[in-house]
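Worksheet for the structure shown next.
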Amino acid sequence: MMFVPFTGIDNHNRNVTLGSAIIGNETAETYSWLLNVFRQAFGRAPLVIVTDQDPAMKKAIEDTWPESRHRLCMWHIMDKLSAKVFSCSSF
């Protein structure tokens with residue numbers, strides 16, 4: 001089971017949980033369904049969406065919210081970078 005939080009920023013620059021879901025599989029179809037439900041609840045897609053590097057999520061965002069800018073989470077980038085740098089330095 002995968003936990004999918006929807007977090008936004010309020011007028012005071014504070015994080016606000018807008019919604020969340022628990023999904024049974026990480027397919028593009030499931031993510032597309034979830035993104036459509038989010039759009040129905042809020043009336044529009046967000047301007048920017050930040051996620052990890054999940055290819056199914058990337059496809060779902062491109063198909064469902066083409067007007068949104070998809071950005072990768074810096075924490076995930078740095079986490080993978082440090083793992084790759086340390087594995088390459090063992091030569």
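The values are calculated or read from the model by the stated rules, or taken from the named source; none is laboratory data. Just so we're clear, the structure is a prediction, and the values are computed from it rather than from any experiment. Cβ: placed from backbone, ideal geometry, glycine included. Neighbour counts: every protein chain shown.
Regarding residue 20, is this residue of a type in the set (Gly, Ala, Ser), modelled with pLDDT of 90 or more, exposed (fewer than 14 other Cβ atoms within 10 Å of the Cβ) and not in a loop (DSSP other than H, G, I, E, B)? Judged against the criteria, residue 20 is a match.
Do we find a residue being part of a loop (DSSP other than H, G, I, E, B), of a type outside the set (Gly, Ala, Ser) and over 14 Å from the mean Cα position of the chain (by Cα) anywhere in the stretch 49-64? No, the stretch 49-64 has no match at all. Only a single item in (1) part of a strand (DSSP E or B); (2) at pLDDT 95 or above; (3) surrounded by 15 or more Cβ atoms within 10 Å (Cβ to Cβ); (4) not aromatic (Phe, Trp, Tyr) is not met by residue 30, and it is number (1). At pLDDT 90 or above, over 16 Å from residue 4 (Cα atoms) and assigned to a helix (DSSP H, G or I) - does that describe any residue in the stretch 73-86? No, there is no match, as no residue in the stretch 73-86 is at pLDDT 90 or above, over 16 Å from residue 4 (Cα atoms) and assigned to a helix (DSSP H, G or I). Can you find a residue that is out of contact with any helix residue (DSSP H, G or I) (no Cβ under 8 Å at 6 or more places or on another chain), surrounded by 12 or more Cβ atoms within 10 Å (Cβ to Cβ) and charged (D, E, K, R) anywhere in the stretch 1-16? No, the stretch 1-16 has no match at all.
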